[in-house]
Structure formats: C-alpha cells, structure tokens
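Visitor: Take a look at the following structure, please.
Throughout, read-outs are computed from the coordinates displayed, never taken from laboratory work. Note that the structure is a prediction, hence the values are computed from the model and not measured. Cβ: placed from backbone, ideal geometry, glycine included. Neighbour counts: every protein chain shown.
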Amino acid sequence: IDIGALAREVVESYGARAHAKQLTLQCASPPHPVPALGDRTAIRIILDNLISNAVKYSPPGRAIDMRIRNGAGVVRIEVADQGPGLTPADHQRLFHKYARLSAKPTGNEQSTGVGLSIVKSLVTRMNGRVWCESEVGHGATFIVEMPAPDSASASGAAQPTPIAPEP
C-alpha cells in the first residue's frame with residue numbers, strides 16, 4: 001500500500017478536530033508513492049489511533065507532525081506531538097491493554113486505554129515494529145516501521161497476511 005497517501009488521508013480526516021483545539025496538524029511525506037507491505041485497513045487503524053491520541057493529549061496552540069520516510073528496507077511513520085510527554089512508569093505500561101497513563105486528555109475527550117495495545121498488535125502481526133520516544137515535558141514521538149516491498153523479496157521475508165478482526 002502507499003503509506004504516504006494513506007497518511008495524508010488520515011491527517012486530513014482529523015483536520016476539523018485539530019482546528020477545534022487550535023492545533024496545527026501536518027503530514028510530511030515524499031511526493032511520490034511510499035509503498036509498504038501491510039493491510040490497508042489495519043494501517044489505517046494504526047494511523048487513526050496515533051493521530052487521535054496526539055490530538056487528544058495535546059494542549060491548544062501546539063503542533064502535531066506526521067512524517068513518512070523510506071529507510072533501509074522499511075517505511076518509517078513518525079507521529080510527534082508537543083504534549084506532556086511520558087513518565088518512566090508510563091513507558092512500562094505503554095502498549096498494554098487498558099493502560100491508563102499519567103497524561104490526561106486536554107479537551108474532555110474519553111480514553112478507553114486500548115488504542116495503543118491495538119496499534120502494537122496490528123503492527124506486530126504485519127511484521128513491523130512500534131515504539132515511543134518521549135520524556136516528561138517534551139512531547140512524544142510514536143514510531144512505526146513497516147517492511148518495504150523490496151526488503152521482503154530481497155531477504156526472503158514472509159509477506160504479511162491481511163488482518164482479520166479478532167473474534
């Protein structure tokens with residue numbers, strides 16, 4: 001799938017929510033297609049969760065940036081915010097189901113605590129990696145790396161299979 005086009009689509013879909021909270025939401029992606037191996041619906045869910053969280057936890061007047069980059073056999077997606085950042089305890093619980101972190105939504109939004117566990121599950125099932133770089137008071141950058149098509153054929157890696165909903 002073309003990660004760049006999908007990322008731009010997701011960022012566009014969150015424009016009104018970001019504007020309502022006086023947030024600047026941007027997507028930096030190469031002008032050419034950025035192919036990655038993965039299921040389009042699953043990657044849309046991943047991007048939705050990451051952008052939704054950035055909007056939910058960012059104070060008004062801040063920026064959220066999604067960056068798409070090609071790298072050695074992977075496509076890297078970065079979602080960076082200028083929110084409160086994560087504590088060391090938050091890092092320990094980050095991708096666990098029903099995890100409640102120290103940051104609170106800035107616009108009375110609700111949080112179920114399952115979004116990042118879904119992100120981790122979907123990324124892992126498509127042979128990708130996900131992690132977060134953050135420190136308290138300096139925002140957070142969530143990074144997802146998905147295999148690029150040339151990396152799978154060159155290395156003989158297994159092709160990801162489409163993701164079906166779990167029963």
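Visitor: What does the charge count near Ile64 come to, summing +1 for each Lys or Arg and -1 for each Asp or Glu among other residues with Cβ under 12 Å from its Cβ?
Guide: Local net charge: +2.
Visitor: Also, I was wondering about something else. For Val74, what residues show an amide H to amide H distance below 5 Å, using hydrogens built from the backbone and excluding near sequence neighbours?
Guide: Ala148
Visitor: With θ set to phi - 60° and the Karplus curve 6.51 cos²θ - 1.76 cosθ + 1.60, what are the ³J(HN,Hα) couplings of region 17-33 in order, to the nearest whole Hz, using x for Gly and Pro?
Guide: Working through the residues one at a time gives 5, 5, 4, 4, 9, 6, 9, 9, 10, 10, 10, 9, 9, x, x, 8, x Hz.
Visitor: Which FRET efficiency, nearest 0.05, do Asp48 and Gln22 yield, Cβ-Cβ r, R0 25 Å?
Guide: After rounding, the FRET efficiency stands at 0.75.
Visitor: I've got another one for you. Could you work out how far apart the two model spin labels at Glu12 and Thr87 are, taking each label as a point 7 Å from the Cα in the direction of the beta carbon, and quote it in nm?
Guide: In this crude label model, Glu12 to Thr87 measures out at 4.1 nm.
Visitor: Then there is this: Calculate the spin-label point distance for Asp150 paired with Thr124, positioning each point 7 Å from the Cα along the beta-carbon direction, and give it in nanometres.
Guide: 3.1
Visitor: Net charge near Asp81, counting Lys/Arg +1 and Asp/Glu -1 over other residues with Cβ under 9 Å of its Cβ? Don't skip to the end; give the middle numbers.
Guide: Details: positive: Arg62; negative: Asp65.
After counting each charged neighbour, the total is 0.
Visitor: I've got another one for you. Show the residues, 5+ positions off or on another chain, whose built amide H is closer than 5 Å to the amide H of Ala28.
Guide: For Ala28, the qualifying residues are Met66, Arg67, Ile68.
Visitor: Also: Using θ = phi - 60° and the Karplus relation 6.51 cos²θ - 1.76 cosθ + 1.60, list the HN-Hα couplings for region 38-45 in order, rounded to whole Hz, with x at every Gly or Pro.
Guide: x, 8, 4, 5, 5, 5, 4, 4
Visitor: While we're on this one: Residues with amide H under 5 Å of His96's amide H, sequence separation 5 or more or different chain, H placed in the peptide plane at 1.01 Å from N; which?
Guide: Distant-sequence amide H within range of His96: zero hits.
Visitor: Shape of region 1-105 from its Cα gyration tensor (a ≥ b ≥ c, root eigenvalues): rounded if a/c is under 1.5, otherwise prolate when a/b > b/c, or oblate?
Guide: Numbers: a/c = 1.97, a/b = 1.34, b/c = 1.47.
Oblate.
Visitor: If r is the Cβ-Cβ distance from Trp131 to Ala63 and R0 is 22 Å, what FRET efficiency results, to the nearest 0.05? The partial results should precede the final answer.
Guide: On the way: r = 21 Å, r/R0 = 0.97.
According to the calculation, E is roughly 0.55.
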